[in-house]
1. If you scan region 37-47, which residues turn out to be surrounded by fewer than 17 Cβ atoms within 10 Å (Cβ to Cβ), modelled with pLDDT of 90 or more and not charged (D, E, K, R)?
2. Suppose the filter is in contact with a His (Cβ under 8 Å, 6 or more places away or on another chain) and in a strand (DSSP E or B); does V232 pass it?
3. Give I91, I83 a once-over and let me know the one that is modelled with pLDDT of 90 or more, more than 25 Å from N239 (Cα to Cα) and surrounded by 16 or more Cβ atoms within 10 Å (Cβ to Cβ).
4. Cβ-Cβ under 6 Å, sequence separation 6+ or interchain: first residue in region 40-67 and in a strand (DSSP E or B), partner of a type in the set (V, I, T) and modelled with pLDDT under 70. Which pairs?
5. Restricting attention to region 95-119, report how many residues are over 12 Å from I137 (Cβ atoms) and either among the basic types (K, R) or assigned to a loop (DSSP other than H, G, I, E, B) (or both).
6. Consider only pairs whose beta carbons are under 6 Å apart and that are at least six residues apart or on different chains; among these, list those whose first residue lies in region 14-36 and is surrounded by fewer than 16 Cβ atoms within 10 Å (Cβ to Cβ) and whose second residue is in a helix (DSSP H, G or I) and of a type outside the set (K, R).
7. Could you list, in sequence order, all residues of region 74-90 that are in a helix (DSSP H, G or I), closer than 18 Å to T229 by Cβ and either not assigned by TED's automatic domain parsing to the domain that holds I213 or not hydrophobic (A, V, I, L, M, F, W, C) (or both)?
8. Would you point out which residue out of L162, L206 is in the same structural domain as T105 (by TED's automatic domain parsing), part of a helix (DSSP H, G or I) and touching a residue at least 24 places away in the same chain (Cβ under 8 Å)?
Amino acid sequence: MLYEEERKLKIVEYLQEHLRASVQELGKIFQVSESTVRRDLQELEDAKLLKRTHGGAVCLENVNFEPTFIEKEDKFRKEKESIARKAAEFIEDGDTLVIDSGTTTAYLAKEMKKFSNLKVVTNSIILAQELQGNEGIEVIITGGTLRQNTLAMVGPIAEQTLSRLRVDKAFIATNGLDMKEGLTTPNIVEAATKTKMIDIAKQVILLADHTKIGKLAFAKFADVSRIDTCIVDDKVTQNMIKEMEESGINVYIVTP
């Protein structure tokens, strides 16, 4: 049995390695009660060594971490391609769409070339390039400040463009989905642009592989209640899927 301070140190080390953990998981690992784990997590959060979430905690260093588009592009490619194929089933000719910047939404662009009558608003230069040359797809680029990390256009110009439009469906990417904390992304300016995309859409469809579920990033851009549909891969836990469905989200699970 570890002393209290040793246990807290080990909890921080565990989170740094695994990025997140549940109260139940930590209780089993360190052979203490869940109430003890919750007290430890509260004290560690007060010391700014981690961030508590609904039912557990995440590594604080992970909250502000943002890999580049290139670094993310080929990670979990099969999962992202499967999610994108399912997402394309929600599109019909004649739709007006807003599509967020992200690696999974970039795969969605590849699936959209079979359509002949779409109007697509996007802040992604990758997605715009992918769709160029398709005569039946009108592409409207938001403009704005280009973020080198994500290759997304964000900021006041992008938000002003979006505020003048209304679309049928929004396809949104995220860095984290936590049932209590909502949808999050590392950059506060990009978060504001994502919020505006959600605001202008009749239907919001979230594309998120399993690495995003239960995670937390720095800037919140929406509550989970704003999501109508979420498409995930089959590595998401059944408990999380149940929580999402109970919150009113239509969840679709794909197998890579």
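1. Q42
2. Criteria met by V232.
3. I91
4. Matching pairs, first to second residue: K51/V63.
5. Adding up the residues that qualify gives 4.
6. E34/V23; E34/G27
7. E79, K80, S82, R85, K86 - these are the residues of region 74-90 that are in a helix (DSSP H, G or I), closer than 18 Å to T229 by Cβ and either not assigned by TED's automatic domain parsing to the domain that holds I213 or not hydrophobic (A, V, I, L, M, F, W, C) (or both).
8. Step by step, each of L162, L206 is checked, and only L162 is in the same structural domain as T105 (by TED's automatic domain parsing), part of a helix (DSSP H, G or I) and touching a residue at least 24 places away in the same chain (Cβ under 8 Å).
The values are calculated or read from the model by the stated rules, or taken from the named source; none is laboratory data. All values derive from a computational prediction rather than experimental measurement. Note: ideal-geometry Cβ built from the backbone for every residue, glycine included; neighbour counts use all protein chains shown.
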